[in-house]
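Structure record follows, encoded as structure tokens.
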Amino acid sequence: MAEEAWHEARLIPTSGINGAEEQERRATSALLAVLSAVREFGRGFVKPFGAPSGAIECFIEVPFVLGERRLYPDGLIRVSRGAKTWTALVEVKTGPNQLATEQLENYLDIAREHDYDAVITISNEIPAVAGQHPTKVDKRKLRKVALHHVSWSQVLAEAVMQKEFRGVADPDQAWILGELIRYLEHRKSGALEFDDMGEAWVGVRDQVSAGTLRASDKGIAEVAARFDALLRFASLQLGRQLGTEVVPVLSRKEAADPVVRAQALAQTLCATGELSGAIRIPGTVGHLVVNADLRSGRVTCYVDVDAPREGRATTRVNWLLRQLKNAPDSTRVEVFVAHARGSQAAELLSTVREDPSVLVHDPTKEIRAFRLAVSTTLGTKRGRGRGSFIDSVLTAVDGFYGEVLGSLRAWAAAPPKLRPVHAEPPEVDDSVPAALASTDYSSQDGAEEDGRARAREADHPLAAVAAVDPHHPSVVAAWDQQADDD
């Protein structure tokens, strides 16, 4: 048999996984083992939950007694630093399996009885808002014990960013973290990507197309939540490639109360048939806005860019064009001017490249901002694959960043230039105190001579230039020639 068909030995193998129970047990053991083995990754994982910086110990299937029942949480994490100890129970789900309310409430009771700090859940469920748990539990059980949730997509993104961008000091630990990444990326691991818009998707989609969707219809809240979850997944996926933290943009009200965001999405969906949201990418000129129009079947990504604060209108347009060398010709460019509502002009990039002045309808109005937008076909299928809603949105986001947003830089004013000084300092009048003497030009320098010069240059063709810069080479040469003639 050729060596090409051989399978390389892996620290965490995917072979031999039979059923969901084995899948969950292996994923739990692999993750917890790497948390305790790779110091940087382990610290980055537990720090957001309030754990101190210290030695991490991990255990799987720890037995507990609750009433007359014997329960086995999937894992336990203990962090110790001096006399302080932080402990959390871990519950893991893989594949399409979802967390159960009763099970989580039992683990919260166990944690409270043993004075543990938190319960951490890991599954493929992505909540619509960061910090929100996908499973509803009795809030009274959260008075002394915190409940946290992490998706497998987030675990994978954090692992990739730690290994590839932040770095791992020990080479052996870096290799171990790489083995966990390879395992989680394998389809048999059960760490699935976002692959379903939910059961209500087809019905809501068809109602939007028919124009019969109403705010009271069932399924709208689920579709809105799945769209926000898709934006979070797109952020994680993009952040994994860029090596930075990419997050959806939420207002303070929306972050504090997820219901506000859900209601706003539902109202927009009923009124216009659109689902929209924004993504914040560190170091970019603006937020990447995603707008999915279910009625027209188009998904549009756009960004607003502040225009330069100096220069003519066409100069500002050319400044933008120089940064769009890799942008597709189908990119729509809109211009916004001062003291006006809406855009003043909009053209495709192909047209603007040929004639930048097409965006300047009124040269007297100051261009304050540009909007760059790319629109592509929106898929309609519920799952993943060709023609799916999820893949069309993900492709649009990645493409817009790679071709447009990633190459844009914010305008910065040029630093001020030094005023020219005399080659030789003029003679200083002895009657003027030394502290008040100046070697630079003054409004009174050569006043008599300048007066005669202004009299001569009043009707000269270079009078306008001389008024701005009397020391311009062409002006000096003209005056010298006129003095010779006199």
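Worth pointing out:
- Computed magnitude of the charge dipole of segment 351-425 (debye, nearest 20; Cβ of K, R +1, Cβ of D, E -1): 400 debye
- Net charge contributed by nearby residues that have their C-beta within less than 14 Å of Ala130 (K/R +1, D/E -1): -2
- Gyration tensor verdict on segment 292-411 (Cα atoms; rounded if a/c is under 1.5, prolate if a/b is larger than b/c, oblate otherwise): prolate
- Area of Trp411 that stays accessible when all protein chains are in place (1.4 Å probe, Å², to 10): 70 Å²
- Relative to the current alpha-carbon distance between Ala215 and Asp304, full extension at 0.36 nm per residue lengthens the span by 29.0 nm.
- Added length on full extension, which subtracts the Cα-Cα distance from 0.36 nm per residue, Arg322 to Phe165: 53.6 nm
- Positive contributions from Lys and Arg (+1) and negative ones from Asp and Glu (-1), summed over other residues with Cβ under 13 Å from the Cβ of Asp170, come out at 0.
- Net charge in the neighbourhood of Gly311 (other residues with Cβ under 15 Å of its Cβ; Lys, Arg +1, Asp, Glu -1) is +3.
- Most tightly packed first, judged by the mean number of other beta-carbon atoms within 10 Å of their residues, the peptides 85-98, 46-59, 135-148 read 85-98, 46-59, 135-148.
- Each residue, Arg143 and Gln98, gets one label point 7 Å from its Cα in the Cβ direction; the gap between the two is 2.9 nm.
- Shown here: segment 1-134, whose C-alpha atoms stretch 58, 34, 34 Å along the first, second and third principal axes, sorted largest to smallest.
- Candidate lysines for bridging to Lys84, where Cα separation is under 18 Å - those fewer than 8 sequence places away on the same chain excluded: Lys47, Lys144
- Surface share of carbon and sulfur [accessible, 1.4 angstrom probe, percent] for the chain: 49 percent
- For the chain, accessible area per residue (1.4 Å probe, heavy atoms of protein chains only), Å²: 56 Å²
- Taking a straight Cα-Cα cut-off under 26 Å and skipping sequence neighbours fewer than 8 places away in the same chain, the lysines within cross-link reach of Lys218 are Lys136, Lys139, Lys253, Lys381.
- Taking one quarter of the surface of the C-alpha convex hull of segment 78-215 gives a mean projected area of 12.4 nm².
- Cβ crowding within 10 Å averaged over residues, with 380-387, 235-242 ranked highest first: 235-242, 380-387
- Label-point separation, Gln241 to Ala410 (7 Å along Cα→Cβ), nm: 2.4 nm
- Rounded Å value of the spacing that divides the Cα centres of segment 140-157 and segment 347-422: 38 Å
- Span-like helix ranges in the chain, DSSP H, alpha carbon extent 30 angstrom or more, Kyte mean at least 0.5: 220-242
- Cα-centred dipole magnitude for segment 223-321, charges only on beta-carbon of K, R (+1) and D, E (-1), debye, nearest 20: 80 debye
- Counting DSSP beta bridges with both ends in the chain, the antiparallel % (nearest 5): 80 percent
- Efficiency of FRET between Ser251 and Ala9 - r from beta-carbon atoms, R0 45 angstrom, step 0.05: 0.35
- Inverting the pair-averaged 1/r between distinct Cα atoms of the chain gives 27.9 Å as its Kirkwood hydrodynamic radius.
The values are calculated or read from the model by the stated rules, or taken from the named source; none is laboratory data. Fair warning: this is a prediction, and the values are worked out from it, not measured in the lab. When we count neighbours, we look across all protein chains shown, and the Cβ atoms used for this are built from the backbone with ideal geometry, even at glycine. These area figures cover heavy atoms from the full protein model, side chains too; ligands, DNA and RNA do not enter into them. Shrake-Rupley method; radii C 1.70, N 1.55, O 1.52, S 1.80 Å.
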